[in-house]
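Worksheet for the structure shown next.
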Amino acid sequence: MAAVIDISPPAQATSPSVRKIRIASRALQWLFTGLFGLFVALTAFGFAVLFFYHGTALAFGPKGGLFSTDGAIPPDYLPLRDWRLDQRLAYVPVWAVRSAPMLGLFGALRALFRLYGQAEVFTERTARLIRWMGVWLVADAVLPFLCHLALSATGYEIDKAWAHATSVQEAVLGAVVFVVALVMQAGHEIEQDREGFI
């Protein structure tokens, strides 16, 4: 009769801090999944409005968009129903480019907290997702200016309210997040090197 001896190391109990991270991360994963889905729907709705809305409540002018409940529109604003087809087509790539950073950011946050929920914290994958978060934040700050330049050069610019002070803050925050991710990646590589010497 043969005896089987289990020599595998005993499973380590999950620490309270790891359990808290996993619980909170699962909740945040659901939150960012919902926000991602909502923003996908809003982006699609924006394309639909651009092509199929012909009312007078929505207009654009030098200070941005205007929603009028009584149909009264200032003279320097152009109602969406009066946009020519070429104007609508010119704003299709603008809307796509302006929506992409938020979709990318919510997608990265959703993926990051999914990994945290699986107790994967200081890894190459999490550092890569945080780097992408920094890139998306900087892109969201810079793209309005680039769209403004493109629309101005082609003569299609209607909404001239592209400059916001919060864009500077967003760009700085994105740069900080990117550098933090690089630090996390370096720490992960140092930890791997230490394990290799043991």
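None of the figures in this text is laboratory data; all of them are computed from the coordinates on show. Remember, predicted model here, so these are calculated numbers, not experimental data. With ideal geometry, Cβ positions are generated from the backbone for all residues, glycine too; neighbour counts draw on all protein chains shown.
Details
- Within the chain: Cβ-based charge dipole about Cα centre, in debye rounded to nearest 20 (Lys, Arg +1; Asp, Glu -1): 380 debye
- The shape of the range 9-95 can be summarised by an equivalent ellipsoid whose semi-axes, obtained from the alpha carbon gyration tensor, come to 48, 14, 10 Å from longest to shortest.
- Helical runs assigned H by DSSP (4 residues or longer) give the chain a calculated mean residue ellipticity at 222 nm of -24500 deg cm²/dmol, each run adding -39500 (n - 2.57) before division by the residue total.
- Our summary gives the chain a relative contact order of 24 percent, counting only alpha carbon pairs under 8 angstrom and 6 or more residues apart.
- Label of the coordinate-derived value, P(r) over Cα pairs in 5 Å bins from 0, in percent, listed as (1) 1, 8, 15, 17, 17, 14, 12, 8, 5, 3, 1, 0, 0; (2) 1, 7, 10, 13, 14, 12, 10, 8, 7, 6, 4, 3, 2, 2, 1, 1, 0, 0, 0, 0; (3) 1, 7, 15, 20, 18, 15, 11, 7, 3, 1, 0, 0: (2)
- When you count the other C-beta atoms within 10 angstrom of each residue and take the mean per peptide, 102-109, 179-186 line up highest first as 102-109, 179-186.
- Relative to one another, the C-alpha centroids of the range 50-81 and the range 137-189 are positioned 27 Å apart.
- Most to least packed among 138-151, 50-63 [average Cβ atoms within 10 Å]: 138-151, 50-63
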